[in-house]
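> Sharing a structure, written as structure tokens. Questions coming.
All of the numbers you see were taken from the coordinates with simple rules; none came from a lab. Remember, it's a predicted structure, so these values are computed and weren't measured experimentally. So basically every Cβ, Gly included, is an ideal-geometry build from the backbone, and we count neighbours across all protein chains shown.
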Amino acid sequence: MPELNERRGIWKRYLIGALVLIAVAATATSVAGFNQLDKISSVIGHNPLDLGGDLAEAPPGKPQTILVIGSDKRAKTANDAKMGSGSRSDTMILMRLDPSKNAIALLSLPRDLKVQIPGHGVDKLNAAYAEGGTKLTLRTIKDFTGLRVNHVINVDFRGFRDAVNAIHCVYVDVDRRYFNDNANPNDQYATIDIDPGYQKLCGQDALDYVRFRHTDSDIVRSARQQDFLRQAKAQVGAKKLFDDQEKLTKIVAHYTRSDIHGKKQVLSLIKLALASAGNPVHEIHFPALIGKSYVTARASAVHRVTQQFLGVQASNGPLGHAKPRSPRRHHARRPSSSTQMLDISSAGRAEALKIASGVRGIRIYYPTRAVPRSSFSINSPRAYKICGPRGRCWASFRYVIQSGLIGEYYGLQGTAWTNPPILDGPHETHRYGRRKLEMYYDGDRLRLVAWREKDAVYWVSNTLLQSLTARQMINIARTARPL
């Protein structure tokens with residue numbers, strides 16, 4: 001049992017870090033006790049990064065800052081120096097492990113962040129990886145933030161895809177339709193075709209989902225990646241890691257690079273990870289100003305956010321702020337916290353009638369309230385079936401509602417699958433009239449509100465940036481009406 005607890009702790013420490021599902025396996029699946037340090041060291045140090053004096057040393061047991069880079073092409077040279085124009089870093093996340101603070105801090109850096117790249121001038125942050133690989137990316141982030149970094153983990157996104165398959169996929173609450181087929185030759189992005197609604201995402205679909213950035217911003221995209229990892233962590237336990245350890249270990253060895261090597265460094269990091277594993281995650285929200293070409297931030301705001309990161313002080317409120325959907329809606333930039341709601345009873349009932357003939361074995365509910373400046377998406381509603389782990393499928397439906405902000409969607413889900421993983425462990429339960437609502441939080445934000453009937457469950461999902469207030473979420477859930 002202690003061995004499984006060690007695996008669980010190491011898994012949590014890496015998984016929370018961001019798109020490091022592969023790095024997770026290196027430690028989580030190999031740790032059967034400290035007597036296996038040789039095996040862990042060989043996996044983590046299989047393809048080492050040489051970052052010279054750019055990393056800071058931390059005494060054993062002291063706080064450490066780890067930079068996690070998710071890239072789309074694995075380094076082919078020993079020092080990862082010059083990657084070429086075909087290589088990009090899609091994800092850059094700083095993680096702070098500080099047992100004395102009783103929390104883990106995460107700070108995501110937008111890939112379009114306007115920075116000064118040493119020796120190359122002003123450009124977007126992800127250009128540093130194309131120009132000089134991990135080493136130049138590290139230097140750029142250190143110069144921009146003023147932070148000392150102790151370790152770097154570089155993960156190829158192909159490894160993310162294979163690792164998702166290795167853990168038998170992840171059930172994800174998909175907020176809206178994600179589609180691009182590159183039919184327009186002047187509008188070329190990665191192809192994707194994923195419908196809205198709670199469903200199982202595997203390999204390539206999971207990768208396409210977390211990397212999508214065609215019609216939203218870096219801020220929304222980072223929130224989507226964090227949301228995916230949160231749902232993955234909730235579904236993957238020690239037993240699954242144990243069953244799949246050989247497969248995951250091979251993926252780690254093939255797709256990750258890190259400066260971490262040798263028994264001494266690995267043991268120090270494992271001890272720190274175990275000390276931090278049970279701690280909550282505090283997400284530090286980057287103070288982004290979204291422009292036409294760049295994401296920018298004032299120097300004073302960057303200083304403030306780095307101090308929050310070092311102090312492991314979680315940011316309050318939404319995960320970020322998206323652009324209004326049109327120039328005339330600048331007043332919609334920050335959703336109102338008032339109780340004012342739109343009455344959409346007629347439109348909601350009309351939406352429900354669209355799927356009435358396609359849904360059997362489940363009572364259909366529809367929303368009667370919405371936040372101001374909302375509208376039903378063109379891809380709403382959807383009637384479909386969710387297939388569970390053992391092959392059984394359940395009738396389900398999803399309404400997709402677009403808010404007044406770009407990339408921001410919330411919705412109402414119903415399914416005859418009465419025990420989906422997403423509804424494990426509600427944080428609070430409150431009764432409103434005859435309806436008992438289950439509350440699921442992310443920090444101070446209400447992420448999900450659910451209720452149950454004998455043969456079905458229903459829930460209201462917040463936007464990816466969690467911009468709806470708790471009062472608005474509860475209002476939508478308690479006023480939903482059966483057809």
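> A299 versus N184, label points 7 Å from Cα toward the beta carbon: distance in nm?
Going from the A299 label point to the N184 one covers 4.0 nm.
> Write down the Kirkwood hydrodynamic radius of the range 342-482, to one decimal in angstroms, obtained as one divided by the mean of 1/r over all alpha carbon pairs.
15.2
> What does the charge count near T479 come to, summing +1 for each Lys or Arg and -1 for each Asp or Glu among other residues with Cβ under 11 Å from its Cβ?
Every neighbour counted, the sum reads +3.
> When a footprinting reagent is the concern and you count Cβ atoms within 10 Å, what order do S380, S375 take, fewest first?
S375, S380
> Here's something else I'd like to know. What are the trypsin sites (Lys or Arg not before Pro) within the range 411-447 that DSSP puts in a loop, where the Cβ has at most 11 other Cβ atoms within 10 Å?
The qualifying sites are R434.
> Could I ask something else about it? What number comes out for the charge environment of I364, summing +1 per Lys or Arg and -1 per Asp or Glu over other residues with Cβ under 13 Å away?
+4
> Continuing with the same structure: Considering the alpha-carbon set of the range 130-185 alone, what are its Rg and its Dmax in angstrom?
17.6, 45
> On to the next question. Taking θ as phi - 60°, what are the ³J(HN,Hα) couplings along the range 365-380 by the Karplus curve (6.51, -1.76, 1.60), each to the nearest whole Hz, with x for Gly and Pro?
My calculation for the range 365-380 gives 9, 9, x, 10, 10, 8, 6, x, 6, 9, 7, 5, 5, 4, 9, 10 Hz in order.
> Between rounded, prolate and oblate, where does the range 159-215 land on the alpha carbon gyration tensor, with a ≥ b ≥ c its root eigenvalues, rounded for a/c under 1.5, else prolate if a/b exceeds b/c? Don't skip to the answer; put the middle values down first.
On the way: a/c = 2.97, a/b = 1.62, b/c = 1.84.
Oblate is the answer for the range 159-215, as a/c is 1.5 or above yet b/c matches or exceeds a/b.
> Based on the mean of other beta carbon atoms within 10 Å per residue, what is the order of 303-313, 99-109, most packed first?
In decreasing order of mean packing, 303-313, 99-109 become 99-109, 303-313.
> While we're looking at this one, here's another question. Based on the alpha-carbon set only, what is the convex hull volume of the range 92-215 divided per residue, in Å³?
156
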